[in-house]
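Below: the structure, in structure tokens.
Nothing in this text is a laboratory measurement; each read-out follows from the coordinates by a stated rule. Predicted, not measured: the structure shown is a model, and the values here were computed from it. Cβ coordinates were reconstructed from backbone atoms using ideal geometry, including for glycine residues, and neighbour counts include every protein chain displayed.
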Amino acid sequence: MSLADTQPEAAKQADVAVPELLGPWSLMWRKFRRHRVAYVSLWLVGFIYALALFGDFFAPERLDDTNRRGIFAPPQGIHFFVENEDGSSEFQLHAKARKVQVNQSTMRRSYVDVPGKIIPLGFFVEGYDYKLLWLIPSNTHFFGPKDPDDVVYFLGADRLGRDILSRIIIGTKISMSIGLVGVAISLVIGVSLGGLSGYYGGWVDNVIQRLIEFLRSIPTIPLWMGLAAAIPLGWPPLRTYFVVTIIVSMIGWTSLAREVRGKFLSLRSEDFIVAARLDGLSDWEVIRKHMIPSFSSHIIASLTLAVPMMILAETSLSFLGIGLQPPIVSWGTLLKEAQNIRTIIEAPWLLLAPGTMIVVAVLALNFLGDGLRDAADPHAH
Amino acid sequence: MSDPILKVRNLDKHFPIGGGFFGKPTDIVRAVDNVSFDVERGETFGIVGESGSGKTTLGRCIMRVLSPTNGDMTLHRKGKDSLDLVTADRARLTESWQDMRMVFQDPQSSLNPRLRVLEIVGQCLRKSEGLSGKALSDRVGGLLEEVGLRKEFLMRYPNAFSGGQRQRLGIARALATKPELVIADEAVSALDVSIQAQTLNLLQDLQEQFALTYIFIAHDLAVVEHICDRIAVMYLGEIVELSTTQDLFRAPKHPYTRALLSAVPIPDPRARHKAKRRLPVGDGGVPDKGCRFAPRCPHATELCRNETPKAKPMAGADVLCHYAGEI
Amino acid sequence: MLGFLYRRILYMIPTVFLVSVVTFLIIQLPPGDYLDTLAAELSDQGGLDEATAQALRDQYGLGKPFYVQYYKWITGIIFDWNFGISFEKNVPVNDLIWDRLGWTFGISVLTLLFIWIVALPIGIYSAVRKYSFGDYAATLFGFIGLAVPNFLLALVMMYVAFKYFGQSVGGLVSPQYIGEPWTWDKFVDLLKHIWMPIVVVGTSGAAALIRIMRANLLDELYRPYVVTARAKGMSEFQLLMRYPVRVALNPFVSTIGWILPTLVSGEIIVAVVMNLPTTGPLLLRALLVQDMYLAGSLILIVSLLTVLGTLISDLLLAWIDPRIRYQ
Amino acid sequence: MPQIHMPTDMSIAPPEGSPLVEIRGLKTHFFTDDGVVKAVEGVDLDIFANRTLCILGESGCGKSIMARSILRIIDAPGKITAGSITYHGREGGSVDLARARPGSKELRDIRGSDIAMIFQEPMSSLGPITKIGKQIVETLHLHRNLSKAEARELAIEMLAKVGIPKPAERFEAYPFELSGGMRQRAMIAMALSCQPRLLIADEPTTALDVTTQAQILDLIAELQDELKMGVMLITHDLGVVAEVAEDVAVMYMGQIVEKGDVYSIFENPQHPYTQALLASIPRMGMTRQRRLPAIQGMVPHPLARPSGCAFRTRCNHVIAGKCDAQTPPLVSRDGSEVACFLHDEGAKHV
């Protein structure tokens, strides 16, 4: 080698020179792991999607089971020890059995414990029949009363005596999937329009940019309300679901398209893209091998941040009564039950239980997206 | 004796500026204007100029990263037909990109941070020769050794290299397709003094070894003088002087070249008291008519301000000045 | 600056046109038209007489193609300031909407002010004291503010106010003042009520702006010009306010453009929950009973106001940032 | 090349009087997540009035951090961990800048007024949306008791002095409206508006074209003559050093490896690094060499600082068992000071 003589040290020092030898993806993962809240949120989001997937397994009661003896029943606590007759206590998960009392003068219901009577609780108990993942018949439930005939309202009950906890768990499926489906639609529209805009530039770019500016300048809620109100009430639930999803995804794609366009524009002038073209790669290969991997991490982060926005949008529409309609159960339709202040005062859990669920899910998704974005951005603070 | 590898004739590259959705461009920038030159096989042809002189645009037009507005360019390849670069379609261009390669200024941005060295250096071989697997890694490993890096670096990512090493990777990639012509655009400008010297040596060694022709674009006159055989000096899109290195540095003929040479600080404290030529500040704009350098030229006359000069061939050099040889 | 203004206003025209088309399209979406509704309603009272039906048909172009109806609608608005009539209430739309629009817009603007007053200092503090306790608190508030839907927050606040403070909730004034002329007491009563929708609507916006301000300021805090200002001998507070905060304000101002639509949106939904005399409940009701001219007028006007808000934010931006003005 | 200058031009008189700034044992370290980067590792330096001191070094050698340490404008996580920077004020008092409280009045009064600084990137170093004139006036108001009109007049005067045409018009201009050279002139006008005793110029011409660079260097030299101020110019360009320096300090990995007057550095370099650096640059107008004698290897990673002499990994004259064991001290030799064991008693001269 003719050059060996000038380079002995350079070769030797190469390992010392830059201690960082991890690949870009592992570096990103390491950075993400350091963002502890985001890391915890990743697990939380995973758990919520598991709830959505295995809803019936986690729900102790059937979704639509009404119960006249449970109308507006308040949440019941879980107790750990029972006292035996001899005074010793023994570990046994249980809830206290209750009965309804109606005050004759005010016509108000109240629930009082039946002394000495308990409802034993347990894991992997027998309950109603369902199909796990729409396939496997089963009647095992994760947690609930050991006797299938007992009912315990961990998060209270609604005006028909339906179990809120079970309804929230089943509602997870609709609410969380609307986010995912909506994001998928946004992704397709956003990436293709943004990509077209950024790659071709010129008048294509101009038209798409104007379109985006236009869409962004319309206040979303009136627009959605208009669109959602146009959905005939007689439509089957599934069709309503998809139309609502499409309406909701209309917000997401504009910002995504802008982001993709910006990335395309900045990447297009990047030397390594020019170099790839000069290496003989076709336009499509340049996009696939170089451009998309370069901004995929950002896209993933923005998508993660778009999911909660869509969840909130669905919730708002359903709450107003122009989104999803019962009998579809989503967090939004659950909250619709808590629309007037009198109901809330009588049964605050109707508001607080699904509300907390929404806030937790949205928070977790936001933290996750934030962590992903920080990890993807080499210049993050 | 003359055996040009590249012929450039009357090349123009104009960029429209301004204008919105409805509007027409308000102005055009003539970034490269009526440029003609030949590059001889085996030589190092330098293009120097200050920022905004159009040297980088010119390099990118030759590579056809940018499409020229007007003019002709022909690449004469050994043992193959010659190629008209202006009219070539994508397939012919892709072919030309194997014989004509580019080394970029910023080794940081010209290497995709998400790909391994094997892929970065080897992707052109994958395309052009259909290599893959062991054959590809052997070839790339060999290339790495040729530029003074180790085979073992194949599976690393660019972030594991220092600036100088990255530029070596850029050079390895340029050499992968066994090109005849390499365009080095400010290839050593971003490097530290000591690394710059190593890289210049490497470029010279490789030139000898593989009989390469270089087009070396730079703003550093000392570097250009060191490595180039002939030099074109650009000012606001035009070549104002083109001559052999020796003539250019011994006896510059264009007033801009002279001013440029005299502005370069010389690393010898004893030279500091020599008389300096200082140019008045230009506003970067191009005058409507006449010589583009006239607003800053100490010798400008009415003729200069009104009539555009034509390139004057004199003693092996071309000078774009009405008074070439007189002042 | 004037040129910039003209250009912006010119850009607004196609947007406004599109907004009106989309609005009309939306209100045309549901099957059937006003006459069907009216005929159904009047059928108990012996049906709709043909002459009246024909008159209405002519007036609104019902049964004609979409563009004819649109043309009648929009020319009515432009030339006669006639937004049509509310089918449900059988009064001109004009009589119903202006008061409510005034409240909607007033609350939105007040909310914008509230957001700025809250977000600006907290955002600055959060960036300057990065990773301090206050910063974490602001970040947490930011995330939670973004995660709680407006209507949920409204319900919770109403619940808390009622349960723990025994305050009457809903409406902008106490029931006894409704329909009464304005007096000092009524005004005070208004103030007692209006803060709640403002806080509810503003929380998510303030949370978003704190995050944006923090990120922008962090981008600017370590710029070389800050070092320059420090090297001049300025005190930290002085230089913070004069340089990085001013630059970071840019995107802050431009947020009017996008925050106004979300505020109006949020106001509409909160108004439904809190029973405010603004456009929200009216629009919702109009949409549910398919009172198309009323719904269409509301959507159109609210959208126009937002477009106008965007224009104002662009102008403000140009006013504080010379770089945009001179483009 | 025949020289026709007087012999007095060939050498440089030693500095007179006491130094403006005395730096002793200065260490500035950066406490990063990955470890401690010793950006400045024990620097001794004197800066005199009416003299130009050039700090020469490659990127990452700590020259810029050293200069910023003087004004105490190092961004976190950087910290001065040892040493002193004594500034002798106009009225005879002296201040240890290394120990002054950050952001204290004492420190701020010196910044911009006694010691001013200009930076590499004139675009990003000027406030982007503040008028040029306002930025200068602001400096004047900070340090001098002037009325608005007086300050404005003085600022326009400064703009004229640094060779900006139509200064009254440019007073109202924003930085983005000026060319790179004009911006750097405006920056100089701002730095010199309070007539500082020391100007620190951190790579002031690196971002500029050669022809503009020449003008800016001329300008600094002229103004130095006029104001009799000290200039500390930081650069990696040997040409610039040869052009303007009286004294030179060569830095490598946070330490000064050699310092002396410009003639001894260029004509009789003592340290192997200085020698190699001088040999490795292509020179204009010299006989063309086939190959440049390049320095081998690369600068070690700042977190992997070699033991002993930092340059030993690239040095051709390593003395085994010595260079890797101890850090060579800066010792006087032939009119300059050098930190290398080759110059110890008994060691063979290179």
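Around A:ILE212, with a cut-off of 10 angstrom between Cβ atoms, what is the net charge of the other residues, counting Lys and Arg +1 and Asp and Glu -1?
+3
Determine the alpha carbon to alpha carbon distance for each of C:LYS130/D:LYS79; B:LYS55/B:LYS310; A:LYS263/C:LYS130 and list only those over 22 Å.
Flagged as over cut-off: A:LYS263/C:LYS130.
Okay, helix-only estimate at 222 nm for chain B: each DSSP H run of n ≥ 4 adds -39500 (n - 2.57), divide by all residues, round to 500 deg cm²/dmol; what do you get?
Taking each H run of at least 4 residues, the total per residue is -9500 deg cm²/dmol.
Do you know the relative contact order of chain B, to the nearest whole percent, from alpha carbon pairs under 8 angstrom that are 6+ apart?
18
At 7 Å along the Cα-to-beta-carbon direction for both A:ASN84 and D:LEU227, put a label point, then send me their distance in nm to one decimal.
9.3
With springs only between Cα atoms under 10 Å apart, run a GNM on chain C and tell me which of C:ALA119, C:ALA127, C:ALA206 wobbles the most.
C:ALA127
Using a Cα distance threshold of under 18 Å, what count of lysine pairs results for segment A:83-226 when pairs must be 8 or more residues apart or interchain?
For segment A:83-226, the number of qualifying lysine pairs is 5.
For a label point 7 Å from the Cα of A:SER269 along Cα→C-beta, name the residues of segment B:100-130 whose backbone N is under 16 Å from it.
Only B:105-106, B:109-110 pass the distance filter.
Which FRET efficiency, nearest 0.05, do D:ASP324 and A:ILE118 yield, Cβ-Cβ r, R0 60 Å?
Step by step, r from the Cβ atoms, then E = 0.15.
How much net charge surrounds C:THR279 when only the other residues with a Cβ under 12 Å from the Cβ of C:THR279 are counted, with Lys and Arg +1 and Asp and Glu -1? It would help to have the intermediate numbers written out before the result.
Details: positive: C:ARG100, C:ARG285; negative: C:ASP99, C:GLU267.
Overall, the nearby charge balance is 0.
Aspartates and glutamates near C:LYS72 by alpha-carbon distance under 13 Å, same-chain residues fewer than 8 away left out - which ones?
C:ASP58, C:ASP80
Counting only C-alpha contacts under 8 Å and six or more residues apart, can you give the relative contact order of segment A:55-162 as a whole percent?
38
Can you give the calculated 222 nm mean residue ellipticity of chain A, where each DSSP H run of n ≥ 4 adds -39,500 (n - 2.57) and the sum is split over every residue, rounded to the nearest 500 deg cm²/dmol?
Using -39500 (n - 2.57) per qualifying helix, the result is -19000 deg cm²/dmol.
So what is the relative contact order of segment B:116-181, in percent, for Cα pairs below 8 Å that sit 6 or more residues apart? Display every interim value, and only then the final one.
Values: 64 pairs, mean separation 29.6, N = 66.
Dividing the mean separation by the residue count of segment B:116-181 yields 45 percent.
Assign one of three labels to segment A:55-162, namely rounded, prolate or oblate, based on the Cα gyration tensor with a ≥ b ≥ c the square roots of its eigenvalues; rounded applies when a/c is under 1.5, prolate when it is not and a/b is larger than b/c, and oblate otherwise. Mind dumping the intermediate values first?
Working: a/c = 3.01, a/b = 1.16, b/c = 2.58.
In terms of gyration-tensor shape, oblate.
I need the chymotrypsin sites (Phe, Trp or Tyr not before Pro) found in segment C:90-167, filtered to DSSP loop residues with at most 15 other beta carbons within 10 Å of theirs.
Here the chymotrypsin sites (Phe, Trp or Tyr not before Pro) that fit, given the DSSP loop and packing criteria, are C:TYR131.
GNM on chain A, C-alpha springs below 10 Å: top fluctuator among A:PRO24, A:PRO237, A:PRO348?
The residue that fluctuates most here is A:PRO24.
From the phi of every residue in segment C:114-120, what ³J(HN,Hα) in whole Hz does the Karplus formula 6.51 cos²θ - 1.76 cosθ + 1.60 yield, where θ is phi - 60° and glycine or proline is x?
4, 4, 5, 4, 7, 6, 4
With each label point set 7 Å from Cα along the Cα-Cβ vector, what nm distance links B:LEU303 and B:ASP288?
2.3
Please give the FRET efficiency for C:ARG7 paired with D:ARG90, using the beta carbon to beta carbon distance and R0 = 45 Å, rounded to the nearest 0.05.
Calculated value: 0.25.
Per residue of segment A:220-232, what does 6.51 cos²θ - 1.76 cosθ + 1.60 with θ = phi - 60° give for ³J(HN,Hα)? Whole Hz please, x for Gly and Pro, Karplus curve as stated.
Karplus-based 3J(HN,Hα) across segment A:220-232 equals 5, 4, x, 4, 4, 4, x, 5, 5, 5, 7, 6, x Hz.
Could you point to the residue in D:CYS61, D:SER84, D:LEU146 farthest towards the positive end of chain D's charge dipole, with +1 and -1 charges on the Cβ of Lys/Arg and Asp/Glu respectively?
Result: D:CYS61.
With θ set to phi - 60° and the Karplus curve 6.51 cos²θ - 1.76 cosθ + 1.60, what are the ³J(HN,Hα) couplings of segment B:90-98 in order, to the nearest whole Hz, using x for Gly and Pro?
Going residue by residue, I get 4, 5, 5, 5, 4, 5, 5, 5, 7 Hz, with x marking Gly and Pro.
Anything in chain D that counts as a DSSP H helix reaching 24 Å or more along its axis (C-alpha) with Kyte-Doolittle mean of at least 0.0? List them, would you?
Qualifying helices: D:210-227.
Looking only at chain B, where both bridge partners belong to it, what percent of the DSSP beta bridges are antiparallel (to the nearest 5)?
DSSP beta bridges in chain B are roughly 60 percent antiparallel.
Can you tell me how the protein assembly as shown classifies by the Cα gyration tensor, rounded, prolate or oblate, using a/c under 1.5 as the rounded cut?
In terms of gyration-tensor shape, prolate.
In terms of modelled amide H atoms, which long-range or inter-chain residues lie less than 5 Å from the amide H of D:ILE200?
D:ALA116, D:MET117, D:ILE118, D:MET232
Per-residue ellipticity at 222 nm for chain C, helices alone: DSSP H runs ≥ 4 residues times -39500 (n - 2.57), over residue total, nearest 500 deg cm²/dmol?
For chain C, the value works out to -26500 deg cm²/dmol.
Between the helical axis of C:50-60 and the dominant principal axis of chain C, each derived from Cα atoms, what acute angle in degrees is found, rounded to the nearest 10?
Between helix and principal axis, roughly 30 degrees.
When only DSSP loop residues count, what trypsin sites (Lys or Arg not before Pro) in segment D:279-343 have their Cβ near at most 16 other Cβ atoms within 10 Å?
In loop regions of segment D:279-343 (DSSP not H, G, I, E or B), the sparsely surrounded trypsin sites (Lys or Arg not before Pro) are D:ARG288, D:ARG290, D:ARG291, D:LYS322.
Towards the positive end of the charge dipole of segment A:176-276, with charges on Cβ (+1 Lys, Arg; -1 Asp, Glu), say which of A:VAL183, A:PHE242, A:GLY198 has the farthest Cα.
Looking along the dipole axis, the top candidate is A:PHE242.
Going by alpha carbons, how many degrees (0 to 90, nearest 10) lie between the helix axis of A:349-376 and the longest principal axis of chain A?
Rounded to the nearest ten degrees, it is 20.
State the answer as a single residue: which of C:VAL272, C:LEU260, C:ASN250 lies farthest towards the positive end of the charge dipole of segment C:186-327, with beta carbon charges of +1 for Lys and Arg and -1 for Asp and Glu, about the Cα centre.
Looking along the dipole axis, the top candidate is C:ASN250.
Say R0 is 22 Å: what FRET efficiency, to the nearest 0.05, do D:GLU106 and D:THR81 get from their beta-carbon distance?
0.60
Count the net charge of all other residues whose Cβ sits under 13 Å from the Cβ of A:TYR200, scoring Lys and Arg as +1 and Asp and Glu as -1. The partial results should precede the final answer.
Values: positive: A:ARG261, A:ARG268; negative: A:ASP205, A:ASP283.
Result for the local shell: 0.
Among A:295-303, A:64-72, A:52-60, how do they line up from the highest to the lowest mean number of other beta-carbon atoms within 10 Å?
Sorting A:295-303, A:64-72, A:52-60 by mean packing, highest first, produces A:52-60, A:295-303, A:64-72.
Taking loop as defined by DSSP and a crowding limit of 13 other beta carbons within 10 Å, which chymotrypsin sites (Phe, Trp or Tyr not before Pro) in segment C:221-322 fit?
C:TYR222
Charges only on Cβ, +1 for Lys and Arg, -1 for Asp and Glu: so what's the dipole of segment D:34-84 about the Cα centre, in debye to the nearest 20?
In total the dipole reaches around 180 debye.
Quick one: which residues, 5+ away or cross-chain, put their amide H under 5 Å from the amide H of B:GLY71? H built at 1.01 Å from N.
B:ASP12
Expressed in nm to one decimal, what extension gain is obtained for the pair A:ASP64 and A:TRP25 from 0.36 nm per residue of sequence separation less their Cα-Cα distance?
Contour length minus the Cα-Cα distance gives 9.4 nm.
Expected output is a single nm value to one decimal: the length gained when fully extending between D:ARG305 and D:ARG291, i.e. 0.36 nm times separation in residues minus the C-alpha distance. What is it?
2.1 nm
What distance in nm separates the two pseudo spin-label positions at A:GLN101 and D:SER18, each 7 Å out from Cα along the beta-carbon direction?
9.4
To the nearest 10 degrees, how steep is helix B:133-146 against the longest Cα principal axis of chain B, on a 0 to 90 scale?
Around 50 degrees separate the two axes.
Report, for the protein assembly as shown, the % of DSSP beta bridges that are antiparallel, rounded to 5.
70
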